[in-house]
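What follows is a set of notes on a single structure, which appears directly below.
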Amino acid sequence: MKFLVRERFFDIGDDFWVTTEDGTKAYHVDGKALRIRTTFHLEDPDGNVLTTIRRKLFKVRDQMRIERDGKTVATVRERLFDPLKEKLVVEIEDGPDWEVTGDFLGKEYVVSDEHGTIAHISRKYLRIRDTYGVDVNTHRTDLGGDPVMALSVAVAVAALTDDDKDEKKDDGDA
């Protein structure tokens, strides 16, 4: 199942819609403004909160927690150090961990686990500015086939890596 994520940068709190390939609004990502820590809600089109994605404060490694019904279901965090490739780890509470590898700043990466690909995130073939595609492998009957979880991970990765990009840009301007 393919989704298009259109980021809208001019709204307070970084809100944006996730649509299907035919343009149907499937999910809304509501960035919560004026919060101490970065927080997003992934909502259905009616505004019902499906997951909450929030930055964990005071951690050595940057990480975001994904919550469903008030319980943490996954934590997305940076790997300690991998000299060969950019990599994030998704620690799933009741299942095998996922691995996120690729070019995060360019929005070209793969989410996978020990059973194969869960989702492929790509901006490569889209001509629409500030839009990237999320192709979720819904043929998997385990947690990997859950578009809500895969989209929540994509939002967390975008939030973690956008902060890295901003810091790099700030360092270059000094």
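Of all residues in the range 55-71, those that are at pLDDT 90 or above and open to solvent by 40 Å² or more (accessible area, probe 1.4 Å) total 5. Pairing residues of the range 148-174 that are modelled with pLDDT of 90 or more with residues that are in a helix (DSSP H, G or I), at Cβ distances under 7 Å and at least 6 apart in sequence or on separate chains, gives Met149/Leu143.
With respect to Glu86, determine if the residue is acidic (Asp, Glu) and either at pLDDT 80 or above or crowded, with 21+ Cβ neighbours inside 10 Å (or both). Here the answer is no, as Glu86 does not meet what is asked. In the range 108-136, the residue that is modelled with the lowest pLDDT out of those that are of a type outside the set (D, E, K, R), open to solvent by less than 60 Å² (accessible area, probe 1.4 Å) and over 25 Å from Glu91 (Cβ atoms) is Leu126. Looking across the range 137-147, the residues that are open to solvent by less than 50 Å² (accessible area, probe 1.4 Å) and either out of contact with any His (no Cβ under 9 Å at 6 or more places or on another chain) or at pLDDT 90 or above (or both) come down to Asp146, Pro147.
Among the residues of the range 7-16, not one is surrounded by fewer than 16 Cβ atoms within 10 Å (Cβ to Cβ) and modelled with pLDDT of 70 or more.
The values are calculated or read from the model by the stated rules, or taken from the named source; none is laboratory data. These figures come from a predicted structure and were not determined experimentally. With ideal geometry, Cβ positions are generated from the backbone for all residues, glycine too; neighbour counts draw on all protein chains shown. Just so you know, the surface numbers come from the protein's heavy atoms only, side chains and all, with ligands and any DNA or RNA stripped out. Shrake-Rupley method; radii C 1.70, N 1.55, O 1.52, S 1.80 Å.
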